[in-house]
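First comes the structure, then the notes that go with it.
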Amino acid sequence: MLKPGAHQPGTRLTPSDEVQFFLHPHPRSPFSEAVQVDNVLYISAMIGLDSEGKLVEGFEPQTRQTLTNLAEILGKYGLGLEHVFKVTVMMTDMTKWSEFNKIYRTYFHPSRLPVRTAFGVAGLAFDAMVELEVQAYIPTGAEA
């Protein structure tokens, strides 16, 4: 069964046998912020927009802002970066791969690094330099 998701921000999602769509809070966005299928939360790809919706400048600040934004979205659903098991990375300049990895590693525990796919792309929305999409698991029972 498919249904729009109704979620109290900050409370942990629980596995569901229904597909739940959590619409993007900005009315102009033609996509869901997240979709839950069973015990997996799929988060729409993000770029380094600040709280005012402006792209931060520079590769390192954009990468950090993007990871911070993802952590905040996960927190909204009662999850954290420790629940992420898959990351898709899109970058406009793959020569910055080493720099990306140095930043990325600081956001994840060394024993819980998600699997990852990366693509070099010709361009991203708002002329961003990096875009990340994640999948996170929703634990059952006790808090993780």
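Output ³J(HN,Hα) for the range 58-74: one whole-Hz value per residue in order, computed from phi by the Karplus curve 6.51 cos²θ - 1.76 cosθ + 1.60 with θ = phi - 60°, and x for Gly and Pro.
x, 5, 4, x, 5, 5, 5, 5, 4, 5, 5, 4, 4, 4, 5, 5, 4
Would you kindly derive the ³J(HN,Hα) couplings of the range 79-90 from the backbone phi angles with the Karplus curve 6.51 cos²θ - 1.76 cosθ + 1.60 (θ = phi - 60°), listing them in order in whole Hz, with x for Gly and Pro?
10, x, 4, 5, 8, 6, 10, 9, 10, 10, 10, 10
Evaluated at 4 °C with a viscosity of 1.567 mPa s, what Stokes-Einstein diffusion coefficient in µm²/s does the range 51-108 have when Rh comes from the Kirkwood expression over alpha-carbon pairs? Kindly include the intermediate steps, with their values, before the conclusion.
Details: Rh = 12.4 Å.
Once the numbers are plugged in, D ends up at 104 µm²/s.
How long are the semi-axes of the ellipsoid equivalent to the range 25-144, from square roots of 5 times the Cα gyration tensor eigenvalues, in whole Å, largest first?
23, 18, 13
Pull up the cross-link candidates among the aspartates and glutamates for residue 76, meaning alpha carbon to alpha carbon under 13 Å and not fewer than 8 places away within one chain.
List returned: 33.
What residues have an amide H closer than 5 Å to that of residue 116, excluding those fewer than 5 places away on the same chain, when H is modeled at 1.01 Å from N in the peptide plane?
Amide H neighbours of residue 116, under 5 Å, 5+ apart: 87.
Order these peptides, 60-67, 47-54, 110-117, 123-130, by their mean beta-carbon neighbour count within 10 angstrom, highest first. Write down the numbers at each step before the final one.
Working: 60-67: 20.4, 47-54: 13.2, 110-117: 10.6, 123-130: 16.0.
Peptide ranking by packing, descending: 60-67, 123-130, 47-54, 110-117.
Every number in this text was worked out from the coordinates using simple rules, so none of it is lab data. On a predicted model such as this, the values are computed, not experimentally measured, just so you know. A quick note on method: Cβ atoms are made from the backbone with ideal geometry, for glycine too, and the neighbour counts reach across all protein chains shown.
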